[in-house]
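The values are calculated or read from the model by the stated rules, or taken from the named source; none is laboratory data. In this text, all values refer to a predicted model and were calculated from it rather than measured experimentally. Neighbour counts are summed over all protein chains in view; Cβ atoms, including those assigned to glycine, are modelled from backbone coordinates with ideal geometry. Note: areas computed on protein heavy atoms with side chains; ligands, DNA, RNA excluded. Shrake-Rupley method; radii C 1.70, N 1.55, O 1.52, S 1.80 Å.
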Amino acid sequence: QWTRRGSQSIHYDCAVGAVGAEAPILLLNGFGVGSFHWHRNMEELAASTERDVWAMDYLGQGSSWPLECNDGLAESEQGLRYSIDDWLDQTEEFIEEVVLPRSGANVSKVCLVGNSLGGLIAAHLAARKKSLVASLVLLNATPLWGGNLPGWDARLPGPAFPRWVGRQLFDAIRSPGSITDLLQRTYADASRLGDLPQRIRQVTDESSGGHAAFASILWARPATAGNLYDALKRTQCEVLLLYGKEDPWCSPAFGRAAMQVITACNLGRRARSEYVQLSPCGHCPHHEAPEVTNAVLERWFNGDDTLTPSMLPNQRGRGDKASSLPARPEGPSDIVKTRHQEVPEEDPQARRTEVLAEVVPPSEYQAVTLADRILVQLV
C-alpha cells in the first residue's frame, strides 16, 4: 500500500524485472476493475522485458480508498472528487513517489500501458509530462470520460439527490448478473473471463465508499485537457495502438482516428508508432488474449519493428511448436496467429481460441470512412 497525501490508501502490485533495467512499465486498467485485471501479464512482461512492471488501483476503485472511508462522510473524504483529472494527478504522483525511486539511479522515465479509461489517462499524462514518459501503449483506449451531470461539482459529500442516484445505480450495476452480462458483451470470447466477475464483486463488497464514489464519477467533468485525440496531438513519445477488433465500445473506427492523429503529428519528430489489431478480441485484449498481447508488448519494449511468428509464445503442455505457426506473409501488413488458453488454475478445460494479430498498414487507417468520422464526432 502507498499512503498518498497522508489520507489515502492506494493499492498497487509490482513484478520485479532485472536490476538496473530500462524504464519500468506501469499498467493502467479500465473502469471498475483494479490491478488484478493485469494478473495474466505482469510476471510474464517482467521476465520477457527484464523491466519492473507496476499496476495501481485508482482512488475510489479496486482496493484504493480514503483512510477510514465512510461513503463520503469521513473527514478524509471531504472535498474529494473522483474524476479523470484527479486520477491523472494520482498516477503522476505514484510514478514520482513510488515507481521511479525504486528504479535504477539512471532511470527517469516510465512506459505507460493503458486499457480503456487507463489508456485515456496514459495519453493525457504522456502529453502533460513529456519528460516522464518514454513510451505509450494504448489498448482500446476510451476517447472520452466524464458524465458532467448538472447541479453538483462532484466533490464529496454531495447533495442528497446525487447520493441517492449513486447508491441506486452502484448497487444495480454491481449485482452478479449485471457484472457478468456486461463483461460477456465486452469480451469476444466470454470463456476467457475466468474469475473476473467474482473479483469485481469482491472489491465492491469490501469497499466502504462505493455509493458516494459512483455518484461523484457520474457528475465529474471530462478531462480539462480535452479528449484522447487532443492528448495525442501533444504527445511526443513513441506510441503503440493495440486494439481488439470486436470491441463493442471502442470500435476500430476510434483506433483508426487515433492513428491518423499520431501519424499527422509525427511527421516532424519521427517517433516510432504502430497500430496492431487483434481478432477475435474485445475491449480488454490483455486479459482476453494475454499470450499474444504479451508477445506484442515484449516486441515493442525490446525495440523490434515487425511482428513475426518467432516472437509468439509456444503453448505449454500442448505440444505446439513454433514452426507450426505460419510464415510471415508478403504484402503491406504482417499477420501472425497464436492460440491462447485459459489460465490453468481458473479453468483447466478451457477451449482454445485462435487470435489473429495484424499490423494495420497505413492504407487502412488513412482511409477513414464517413461513418468513422460521424461516429468519432458524435462521441
Quiz prompt | Which listed residue, of TRP152, TRP164, is in contact with a helix residue (DSSP H, G or I) (Cβ under 7 Å, 6 or more places away or on another chain) and either open to solvent by 50 Å² or more (accessible area, probe 1.4 Å) or farther than 26 Å from PRO285 by Cα (or both) | solution = TRP152
Quiz item: How many residues are open to solvent by less than 20 Å² (accessible area, probe 1.4 Å) and of a type in the set (Gly, Ala, Ser) when one looks only at the stretch 18-35?
Solution: 4
Quiz item: What is the one condition in (1) part of a helix (DSSP H, G or I); (2) under 21 Å from GLY30 (Cα atoms); (3) at pLDDT below 95 that PRO248 does not satisfy?
Solution: (1)
Self-check item: Odd one out for VAL99 among (1) part of a helix (DSSP H, G or I); (2) farther than 18 Å from ALA18 by Cβ; (3) of a type in the set (Val, Ile, Thr)
Solution: (2)
Practice problem: Kindly list, by first and then second residue, each pair from a residue in the stretch 110-124 that is under 10 Å from LEU138 (Cα atoms) to a residue that is among the charged types (D, E, K, R) and at pLDDT below 95, limited to pairs with Cβ atoms under 6 Å and residues at least 6 apart or on different chains. | Solution: none
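Per-residue answers, yes or no, for (1) within 15 Å of PHE31 (Cβ to Cβ); (2) open to solvent by 30 Å² or more (accessible area, probe 1.4 Å):
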{"residue": "SER64", "(1), (2)": "yes, no"}
{"residue": "ALA74", "(1), (2)": "no, no"}
{"residue": "GLN78", "(1), (2)": "no, yes"}
{"residue": "GLY104", "(1), (2)": "no, no"}
{"residue": "VAL110", "(1), (2)": "no, no"}
{"residue": "ASN115", "(1), (2)": "yes, no"}
{"residue": "LEU120", "(1), (2)": "yes, no"}
Quiz item: Are any residues in the stretch 36-48 touching an Asp or Glu at 6+ places or on another chain (Cβ under 8 Å) and buried (at least 24 other Cβ atoms within 10 Å of the Cβ), and if so, which ones?
Solution: TRP38, LEU45
Quiz item: Taking the condition open to solvent by 20 Å² or more (accessible area, probe 1.4 Å) and over 27 Å from ASN70 (Cα atoms), does ASP181 pass?
Solution: yes
Self-check item: Residues being touching a residue at least 40 places away in the same chain (Cβ under 8 Å) and of a type outside the set (Val, Ile, Thr) - total across the stretch 87-99
Solution: 6
Exercise. Using the structure shown, decide if ALA223 is of a type outside the set (Asp, Glu), touching a His at 6+ places or on another chain (Cβ under 8 Å) and open to solvent by less than 20 Å² (accessible area, probe 1.4 Å).
Key: yes
Self-check item: Yes/no for LEU242 being in a helix (DSSP H, G or I), touching a residue at least 12 places away in the same chain (Cβ under 8 Å) and aliphatic (A, V, I, L, M)
Solution: no
